[in-house]
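Heads up, the thing below is written out as structure tokens.
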Amino acid sequence: MSALTPGTKAPDFASNKTDGGRFVLSEVLARGPVVLAFFKVSCPTCQYAFPFLERLHQAYGQNNVSLLGVSQNDRKQTAAFVEEFGITFPILLDDEDTYPVSNAYGLTNVPTIFWIAQDGETEISSVGWVKPDFEALNRKMAEAGRTPAAAMFKAGEEVRDFRAG
């Protein structure tokens, strides 16, 4: 199985958050679209990508869109990653023995990022780090927040794609 493709209904799930709270996808979708960014702390591409995702969070907050990381590591390792890379958006914990959420979403590589529309349909499915997909996320978050798209890349900053494959 490969990662969910656009047009696919996203599986509902419940998961613990690193802050001790509980997340249920269907409940959060009732408030607006959701971005799920799956990662593993030892993944170099995740370490590269997550500061860019943090820029999205800083630009739009949780303004009509919920941006969440989904860690495939334990709470302690995840907390160290969050601190090291300055991540302030909420992080969910997938069970590191059975990966039920990752498996439901067909993950074969991380990072994998999904835009899930409010009706539960997957609209963006990005495996690896792909700049055009990130730019599409930026546009969609701006549209959802009814704000102009924020500049995500600094002048002279080299941004590379890291496609899975």
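Averaged per residue, region 19-85 has 43 square angstrom of accessible surface, using a 1.4 angstrom probe with ligands and nucleic acids left out. Could you give the dipole magnitude of region 8-165 about its Cα centre, charging the beta-carbon of Lys and Arg +1 and that of Asp and Glu -1, in debye to the nearest 20? Approximately 300 debye in magnitude. Run the reach check for residue 17 against lysines, Cα to Cα strictly under 26 Å, same-chain hits fewer than 8 apart removed. What comes back? Correct list for residue 17: 9, 40, 76, 140.
Using a Förster distance of 30 Å, how high is the FRET efficiency between residue 47 and residue 153, based on the Cβ-Cβ distance and rounded to 0.05?
0.95
For the chain, the share of accessible area belonging to carbon and sulfur comes to 49 percent (1.4 Å probe, ligands and nucleic acids excluded). Which of 126, 66, 26 moves most in a GNM of the chain, Cα contacts under 10 Å? Fluctuation is largest for 26.
Computed log10 I(q)/I(0) for the chain at 0.08, 0.18, 0.21 Å⁻¹: -0.20, -1.16, -1.69, from the Debye equation with unit scatterers placed on every C-alpha and solvent omitted. Dipole of region 1-155 computed with +1 at Lys/Arg Cβ and -1 at Asp/Glu Cβ about the Cα centre; of 3, 82, 18, farthest Cα towards the positive end is 82.
The label-point distance for residue 88 and residue 58, in a model that sets each label 7 Å from Cα toward Cβ, rounds to 0.8 nm.
Report the antiparallel proportion of the DSSP beta bridges in the chain as a percent, rounded to a multiple of 5. So the antiparallel bridges amount to about 65 percent of the total.
With each label modelled as a point 7 angstrom along the Cα→C-beta vector, the residue 139-residue 118 pair spans 2.1 nm.
Distance between the pseudo-spin-label points of residue 5 and residue 146 (7 Å out from Cα toward the beta carbon): 3.6 nm. With contributions of -39500 (n - 2.57) from each DSSP H run of at least four residues, the per-residue ellipticity at 222 nm computed over the chain stands at -9500 deg cm²/dmol. Put simply, the Cα atoms of region 42-93 extend 29, 20, 15 Å along their principal axes, the longest span coming first. Full extension of the chain between residue 104 and residue 12 gives 32.2 nm of extra length, using 0.36 nm per residue less the Cα-Cα distance.
The values are calculated or read from the model by the stated rules, or taken from the named source; none is laboratory data. Keep in mind that what you see is a predicted model, and the values were worked out from it rather than measured. With ideal geometry, Cβ positions are generated from the backbone for all residues, glycine too; neighbour counts draw on all protein chains shown. The protein model used for the area step is the full one, side chains on, heavy atoms only, and it has no ligands, DNA or RNA in it. Shrake-Rupley method; radii C 1.70, N 1.55, O 1.52, S 1.80 Å.
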